[in-house]
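Computed from the coordinates by the stated procedures, all read-outs in this text should not be read as laboratory data. From a predicted model like this one, the values you see are computed outputs, not experimental measurements. So basically every Cβ, Gly included, is an ideal-geometry build from the backbone, and we count neighbours across all protein chains shown.
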Amino acid sequence: MNGALKSLASSVGGAVLAIAETIGGAVTLLFRILRALFPPRYDAEGVWRSFYNVGVKSYPIVVMTALFVGAIMVIQTAFYVKKTGATGIIGYGVGFSVFAEIGPILIGLMFSGRVGANNTAELGTMVVTEQVDALRALAIDPLPYLVVPRFLAMLGMLTLLMVLGDLFAIVGAALTAQLLVGFHWRVLVADLLQSRLLDEFTMGLVKAACFGISISCISCYFGLAVRGGATGVGRAVNNSVVSNATAIFVIDFVVGYLYSL
Amino acid sequence: MIEFIDIHKRFGSNVVLDGVSITVDTGQVLYIIGASGAGKSVLVKHLIGLLRPDSGRIILDGEDITWLDEEGFYPIRRKCAMVFQNSTLFDSMTLLENVMLPLRKHHKMGRKEAAKAARAKLELVNMDRDADQYPAAIGDGLRKRVAIARALTLDPQFVIFDEPTTGLDPMAAATVDDLIRSLRSDAGVTCVVVSHDLRSIFTVADRIAMIYKGKIRLDGTPEQFRNSDDGVIHQFVNGLPEGPMSV
């Protein structure tokens, strides 16, 4: 019994320490990034390259996710609207869920899966093949050269992609309403516009910006902390994906709560 | 002048360097030899701050650089280049872009100017024809030649070569040997070369230091190594499978 308790305490303690280490590492990295931004000390070419890799290459997956998010929300809302006859809330229901909750979370998760995991793998591979040491040996600081451009790109592009996602979610919702549910798309869009969802829209963008910051810091932290070859890279990518997904839900809760005050 | 003074380094319980002291005079080519895992690469990485000693001091041109912080090491790294054992080219860049990178970062050169200067460095190692290839498209030996070109872009005063001829064909290895010789004779560059290549060692080295069990076994001229009656030195220099060193 005593042994089992000790083992349990040891496991819990180990898990708490691992979480504290990840949060500490990512937050420390965030402060180092902010220090590199004031005054600006980063690779401008790298920033543009990262914007392209992070943003332009991610928009198809965001558009696809957003179209389905809009479609799913219409189908879910239509069920209750038809049951209660409250046709006036279909636009509000869809808009609220898409702008404030489901849209940011699903787009954030897709982005973290595509960009965050790729980022950890890329940086981790650079670490184990000594490319990061080679940069240091060439007197090039890896932080402004590798990390800051990725941070700016993820922060900027995820926010912009969220706007694009919101737009395509409405398109997905309108198409589904018209083609599958039997509501005229104009009714849905007009109701959505009348619902004045500016707060929900801005909440979604704030969430996207926070997701961008956390995905960049967590994925870069795990990438740069890789030890032990290919196995280490695999482990880091796995930890990065799990930590990013957890962070997305925590941030979504915190921002949602703050907006509700 | 480079001075390693009583360097100790361990990884966990594994003692790699146990009081290593070596001095390299300006313009000299020092070869550091020893069995695989003896700590040769570990020692040279201390010179540019990629590793820090547990104790001991490193003096470069009279300046104690042992405990400089990461930023403090950047000026040191600009005058002391390193060619890594595994080439470490950036695989997202072409060979030309790899060589251009330090020029663009440190000399603030424009793209065209940096490309011209980088091509000249690639010519030194006969790699200018492959300038637009990516590292993954060429072999290990060719990558190593490009890594040498990249290390020389900032015209360093000191160059560390970590096994520069390993994996090269004999002609390419001879080209690298010539390059090291010309760096010394034409530009007065001080070279520290980690190598197992006996042919290179005995044709290029001014001095040789052998690390064995974390300590310097012998620090002397190629002649002293050839004539040594120490069993460990004799076994290594003659490449014998039997002897006091476990293989």
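Miscellaneous remarks
- Residue of B:H196, B:H234, B:H107 that the Gaussian network model of chain B assigns the largest fluctuation, springs spanning Cα pairs under 10 Å: B:H107
- Taking the fewest neighbouring Cβ atoms within 10 Å as the starting point, the ordered list for A:S216, A:S7, B:S228 is A:S7, B:S228, A:S216.
- Coil-residue chymotrypsin sites (Phe, Trp or Tyr not before Pro) of region B:1-100, DSSP, other Cβ within 10 Å capped at 14: B:W67
- Note on A:138-146: average number of Cβ atoms from other chains within 10 Å of each residue's Cβ is 5.
- Candidate cross-link partners of B:K116 among the aspartates and glutamates, defined by an alpha-carbon separation under 19 Å and a same-chain spacing of 8 or more, comprise B:E97, B:D128, B:D130, B:D132, B:D155.
- Positive-end residue, region A:2-260 charge dipole about Cα centroid, Cβ charges, pick of A:S11, A:G95, A:G70: A:S11
- Qualifying trypsin sites (Lys or Arg not before Pro) for region A:116-203 [loop in DSSP, other Cβ within 10 Å: at most 12]: A:R196
- Within chain A, helices built from complete DSSP H runs that reach 18 Å or longer along their own axis (Cα positions) and carry a mean Kyte-Doolittle hydropathy of -1.0 or higher are A:2-37, A:59-84, A:148-176, A:198-224, A:229-260.
- Considering only A:T84, A:G108, A:T202, the residue lying farthest towards the positive end of the dipole of chain A is A:T84, judged by Cα position with unit charges set on Cβ.
- Shape category assigned to region A:1-139 from the gyration tensor of Cα positions, a/c cut at 1.5: oblate
- Exposure proxy ranking, count of Cβ atoms within 10 Å, fewest first, for A:M162, A:M64: A:M64, A:M162
- Only beta bridges with both residues in the protein assembly as shown are counted; by DSSP, about 55 percent of them are antiparallel.
- Partner shielding of B:102-112 amounts to 2, given as the average count of beta-carbon atoms from other chains within 10 Å of each residue beta-carbon.
- Residues B:V192, B:V204, B:V15 arranged by fewest to most Cβ contacts within 10 Å: B:V15, B:V204, B:V192
- The helix-only estimate of mean residue ellipticity at 222 nm for the protein assembly as shown, built from DSSP H runs of length n ≥ 4 each weighted as -39500 (n - 2.57), is -19000 deg cm²/dmol after division by the residue total.
- Most fluctuating residue given options B:L122, B:L51, B:L95, as computed from a GNM of chain B linking Cα atoms under 10 Å: B:L51
- Counted charge near B:R150, where neighbours are those whose Cβ lies closer than 15 Å (Asp, Glu -1; Lys, Arg +1): +1
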